[in-house]
Amino acid sequence: LKPRSPYATSKTAADMLVRAYAETYHFPVNVTRCSNNYGPYHFPEKLIPLIIKNILEGKKLPVYGDGKQVRDWLYVEDHCKGIDLVIDGGRLGEAYNIGGFNEELNINIVKQTIDIVREMVFENKKVRDTYKNFVKVSFDLCSYDLISYVKDRLGHDARYAIDPTKTVNELGFYPETPFSKGIRKTIQWYLENQWWVNEVASGDYQKYYEQMYGNR
């Protein structure tokens, strides 16, 4: 564990606190560490839901730095299945890494999302009419031109990587959802649940968005 920001350090501290209870008081614990989750109910400040929301609204798609940071993407249902395996069969006191086996550049994730939204919404008139109340951009404008590179975050890691070998070997875990399938399921969910997005993407969210991207 080598955290490079206060935010990452707080996660590492939580790991250490849990392990200390196991060592000192023999508390029955396991620690699980996952790669980047995506899927339904992901808060709109995160990369994939943010990109979906901004595409539909015709807003710029903010990408930190050069967009070449590498992340391993894990569909949220697969993560839940991995946690369940650890609860049922993991050795107490052990840490298990739950990986997605889906490493990709951030900029490629953004471009794939644009391509799929174009296909799912704008290339199908029936679908486009269904979502016309919240799709505020024309087909021609749904393109890579929406991408806007912004100043990189302080302490931004070039790559997040975990080694899930122990979890695979001991518990037989392997994610069922390749990214090509999971991203489509995710976009479809957000298209069908814009009411939820609109409820959470107000107030403090707008302040956060302005702080993170508005002055960059």
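The values are calculated or read from the model by the stated rules, or taken from the named source; none is laboratory data. Since we're looking at a predicted model, the values are computed, not measured. So basically every Cβ, Gly included, is an ideal-geometry build from the backbone, and we count neighbours across all protein chains shown. Accessible surface is based on the protein model in full, side chains and every heavy atom, while ligands, DNA and RNA are left aside. Shrake-Rupley method; radii C 1.70, N 1.55, O 1.52, S 1.80 Å.
Of all residues in the stretch 161-177, those that are under 12 Å from Gly100 (Cβ atoms) and acidic (Asp, Glu) have Cβ atoms under 9 Å from Cβ atoms of residues that are open to solvent by 50 Å² or more (accessible area, probe 1.4 Å) and assigned to a helix (DSSP H, G or I), 6 or more apart or on another chain, in Glu176/Glu77; Glu176/Lys81. Candidates in the stretch 158-167 are the residues that are modelled with pLDDT of 90 or more and open to solvent by 40 Å² or more (accessible area, probe 1.4 Å); of these, the one that is farthest from Gly82 (Cα to Cα) is Ala158.
Candidates in the stretch 43-57 are the residues that are more than 9 Å from the chain's Cα centre (by Cα) and under 12 Å from Ile116 (Cβ atoms); of these, the one that is modelled with the lowest pLDDT is Ile55.
Condition check ((1) in contact with a Phe, Trp or Tyr (Cβ under 6 Å, 6 or more places away or on another chain); (2) not β-branched (Val, Ile, Thr)) across all residues:
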site	(1), (2)
Thr24	no, no
Pro40	yes, yes
Lys53	no, yes
Val86	yes, no
Arg91	no, yes
Ala95	no, yes
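Can you tell me how many residues within the stretch 51-60 are open to solvent by 10 Å² or more (accessible area, probe 1.4 Å) and either under 23 Å from Asn30 (Cβ atoms) or assigned to a helix (DSSP H, G or I) (or both)? Final tally of qualifying residues: 2. Going residue by residue through the stretch 5-12, is there one that turns out to be surrounded by 15 or more Cβ atoms within 10 Å (Cβ to Cβ), of a type in the set (Ser, Thr, Tyr) and touching a residue at least 24 places away in the same chain (Cβ under 8 Å)? There is no residue in the stretch 5-12 that is surrounded by 15 or more Cβ atoms within 10 Å (Cβ to Cβ), of a type in the set (Ser, Thr, Tyr) and touching a residue at least 24 places away in the same chain (Cβ under 8 Å).
Does Gly155 satisfy the condition of being small (Gly, Ala, Ser) and either open to solvent by 80 Å² or more (accessible area, probe 1.4 Å) or at pLDDT 95 or above (or both)? So Gly155 fails the test.
Look at (1) within 27 Å of Phe173 (Cα to Cα); (2) not in a helix (DSSP H, G or I) and you find that Ile48 fails only one, number (2). No other residue among Tyr25, Tyr41, Tyr21 is more than 24 Å from Arg153 (Cα to Cα), open to solvent by 60 Å² or more (accessible area, probe 1.4 Å) and in contact (Cβ under 8 Å) with a residue 40 or more places away in the chain apart from Tyr41.
For (1) touching a Ser or Thr at 6+ places or on another chain (Cβ under 7 Å); (2) closer than 17 Å to Asn108 by Cβ; (3) of a type in the set (Gly, Ala, Ser), each residue gets a yes or a no:
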position: Lys2; (1), (2), (3): no, no, no
position: Ser5; (1), (2), (3): no, no, yes
position: Ser10; (1), (2), (3): no, no, yes
position: Leu17; (1), (2), (3): no, no, no
position: Tyr21; (1), (2), (3): no, no, no
position: Asn30; (1), (2), (3): no, no, no
position: Asn37; (1), (2), (3): no, no, no
position: Glu45; (1), (2), (3): no, no, no
position: Ile48; (1), (2), (3): yes, yes, no
